[in-house]
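Every number here is computed from the coordinates shown, using simple stated rules; none is lab data. Only a predicted model underlies this, so the values are computations on that prediction, with no experimental measurement involved. Please note: Cβ atoms are built from the backbone with ideal geometry, for glycine as well, and neighbour counts cover all protein chains shown.
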Amino acid sequence: MTKVVQAIADRLVERLVPGATAHAVTCKRVGSKCINGSCAGQSKYTQYRVNCSDGSYYYEFGHCGC
């Protein structure tokens with residue numbers, strides 16, 4: 001799809017479902033860090049950073065302990 005067609009499709013989808021896009025956004029884990037905090041009796045937990053192809057990112061809980 002060309003960028004123009006993709007932009008038009010995104011606008012149409014946005015009208016139907018606010019916040020949605022017509023193209024797929026892929027995300028993948030790119031790193032982790034150890035966070036101080038209580039987790040099932042442990043004093044730390046692992047958190048993952050997830051980057052997405054649309055430029056956004058978010059953090060995801062990994063597991064208790066580091």
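Overview of values
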| item | result |
| --- | --- |
| Around Val30: net Lys/Arg minus Asp/Glu count, Cβ-Cβ under 14 Å | +3 |
| Backbone N under 17 Å from the Cys64 label point (7 Å along Cα→Cβ), restricted to the range 44-58 | 44-47 |
